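Laboratory data are not the source of any read-out in this text; all were calculated from the coordinates shown. Since the model is a prediction, treat every value here as computed from it, not as a measurement. Here Cβ is always computed from backbone atoms with ideal geometry, including for glycine, and neighbour counts include all displayed protein chains.
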Amino acid sequence: MSDIDTPAAVAERCPECGGRVAAHERFPTWCPSCEWNLLPPVPPPAGLPARARRRAERREERLRRETRARTEQVFGLVASGESALRHGAAVGAFLLAGLVHLVSLVVLLTGAALLAGWPVASWPLRALGVVALVVAVLLRPRLGRPKRTGRLSRQDAPALYGLVDRVAAELGAPKVDSIVVDGDFNASFGVLGLRRHRQLVIGLPLWTVLERQQRVALLGHELGHCVNGDSRRGLWTGAAVGALAEWRYLTRPGRDNEVHGNFVVAIASFVANLVLGLLHLGVRALTGLMYRLHMRSGQAAEYRADGMAARLTSAADARGMLVALFNEATLETVLVRQRALPARRGGGRAGRAAAAAEPGLWESLAEAARSVPATEVERRIRVSEREVSSVDVSHPPTYLRLRMLATAPPPADRHPLVLDAGQAAAIEAELAPHRARIAARLL
Ligand SMILES: [Zn+2]
Ligand SMILES: [Zn+2]
């Protein structure tokens, strides 16, 4: 059934080309033929002069063009089956990570030497040594830390662990050490800490809007990160990427707008901010270089993870999972509506009774996502293409991920990994206490 025929949709004519457009009260009206109103106009930010605004727009447009050229080039390489894994850039990234670790090591050794009284023992040098050691601690390689809040044990959630283990076995990936559920509209997988703890994080809002096989596809993508040769995630490079992110944070100059009574303090603060600013620029350049070096292998790895998701389920389920990722704004809308319920606003006993009769957060969210019309899904895909936007910067733009699934569908003669209704219900029962906790936090 086309959406134009559903009762909620009102057929209208496009003011640009006269083509038929569908109007839904919840979503922007746009024209699929000429893309009129694909992106509803947003009011320009207040207080910015027109010239500065135009300059910002041109800069944004140039960045978009560059990103499009780069990402579509990688897409072409991966689609034509060229191995983007063993690539010179990956070697460069490995060496750059070495440079990052070397900086930390040099600061550490300098601090230790000065403190030990080498080359000359004097208290100012020892003090400098202590400072260098503190800095070395701040600069250290970052291995990440497994989350504890929301962690499910194997005893508490045998059905969920069972499903995740099946997905891992199917992909030839090792078992996860822990599963965490949180309130994000996302999911992730990481190998963390010195012990290399393998942790899967499932955002319950995202999980909620997915159908059963789309959930399997999501797990397939995330666990696919264990076996897709993602160079960003190794111990050596991963620790350097983590360290760089921390350096960027540490060197961000303070927005110090106070008027200093003392001239000396003002000068010192100015010089400190200048030095920090220069360091910050250097760190930003390194981060940018690291990102570019990883771009090709990282995006190729993401396409492979999507391919694994499709092989475990089907191209349609993997596609459904990617399209569901567009629903983050739907979550926001549902949260706003739920927060406005009378019981939440202290409506007394009558209000609480009225609110109890209303569907809860999770049912409302699932229903809102289910009722997104096909024309709106199509609009979101085209917006992703126009804006070259992805769910997060580590992934290729969504329109290219969808195109890759269509270009390279999995072979048809394999059995999908099926999450049946019984197992799905068992998993839901295991998640129920976490749903209550996370709903209370979100609302
Ligand atoms: Zn039109
Ligand atoms: Zn991914």
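Within the listed set L204, L235, L128, the residue fluctuating most in the Gaussian network model of the chain (springs between alpha-carbon atoms under 10 angstrom) is L128. Comparing P49, T333, W118 along the charge dipole axis of the chain, the residue lying farthest to the positive side is W118, per the Cβ-charge model.
Under a 10 Å cutoff between Cα atoms, tell me which one of A266, A245, A217 has the largest fluctuation in the Gaussian network model of the chain. Highest fluctuation among the options: A266. Largest first, the extents of the alpha carbon coordinates of the chain on the three principal axes equal 84, 60, 57 Å.
Hey, what number do you get for the chain at 222 nm if only DSSP H runs of n ≥ 4 count, each worth -39500 (n - 2.57), divided across all residues, to the nearest 500?
Details: 15 runs with 265 residues, N = 443.
Calculated mean residue ellipticity at 222 nm is -20000 deg cm²/dmol.
Remark: segment 84-176 projects, on average over all directions, an area of 10.7 nm² (convex hull of Cα atoms). Amide hydrogen proximity for A187: with H placed 1.01 Å from N in the peptide plane, the residues at 5 or more positions away or on another chain lying under 5 Å are G203. A Gaussian network model of the chain, with springs between Cα atoms under 10 Å, assigns the largest mean-square fluctuation among A305, A121, A93 to A121.
A simple packing score, the average count of other Cβ atoms within 10 Å per residue, orders the peptides 376-389, 48-61, 314-327, 420-433 as 314-327, 376-389, 420-433, 48-61, with the highest score first.
How many percent of DSSP beta bridges within the chain run antiparallel, rounded to 5? All intermediate terms of the calculation are to be shown ahead of the outcome.
On the way: 12 of 17 bridges.
Bridges in the chain that DSSP calls antiparallel: roughly 70 percent.
Here the scattering of segment 377-443 is modelled by Debye summation over its C-alpha atoms, one equal scatterer each and no solvent; at q = 0.13 Å⁻¹ the log10 of I(q)/I(0) is -0.75.
Report the percentage of all Cα-Cα pairs in segment 159-303 whose separation exceeds 25 Å, rounded to a whole percent. Cα-Cα pairs in segment 159-303 separated by more than 25 Å: 48 percent.
Between the helical axis of 123-139 and the longest alpha-carbon principal axis of the chain there is an angle of about 20 degrees.
With both labels modelled 7 Å from their Cα along Cα-to-Cβ, the F270 to V103 distance reads 2.7 nm. Rounded to the nearest 10 degrees, the angle from helix 348-357 to the longest Cα principal axis of the chain is 70 degrees.
Less than 12 Å Cβ to Cβ from E385, Lys/Arg counted +1 and Asp/Glu -1: what total charge do the surrounding residues give? Walk me through the numbers on the way to the answer.
Numbers: positive: R64, R68, R379, R380, R382, R386, R401, R403; negative: E35, E72, E378, E387.
Net of charged neighbours comes to +4.
For the chain, the Cys residues with no second cysteine's beta carbon closer than 4.7 Å are C226.
Note on segment 127-205 and segment 97-112: Cα centroid distance 26 Å, given to the nearest whole angstrom. Once backbone amide H atoms are built at 1.01 Å from N, L38 has C31 as its partners under 5 Å, excluding neighbours fewer than 5 places away on the same chain.
When the Cα atoms of segment 70-135 are aligned to their principal axes, the ranges along those axes come out at 64, 17, 11 Å in descending order.
Where does helix 374-387 land angle-wise versus the long Cα axis of the chain, in degrees 0 to 90, nearest 10? Helix 374-387 and the main axis of the chain meet at about 30 degrees. Taken about its Cα centre, segment 275-325 carries a charge dipole of about 160 debye when Lys and Arg each add +1 at the Cβ and Asp and Glu each add -1 at the Cβ.
Could you give the C-alpha radius of gyration of segment 251-325 expressed as a fraction of 2.2 N^0.38 Å, taking N as the number of residues it contains? Mind showing how you got there, number by number?
Numbers: Rg = 23.3 Å, N = 75, 2.2 N^0.38 = 11.3 Å.
Normalised Rg, Cα atoms only: 2.06.
Distance between the pseudo-spin-label points of C17 and R414 (7 Å out from Cα toward the beta carbon): 3.9 nm. Pairs of Cα atoms nearer than 8 Å and 6+ residues apart set the relative contact order; for the chain it is 18 percent. Placing +1 on the Cβ of every Lys and Arg and -1 on the Cβ of every Asp and Glu, with nothing else charged, gives the chain a dipole about its Cα centre of roughly 1280 debye.
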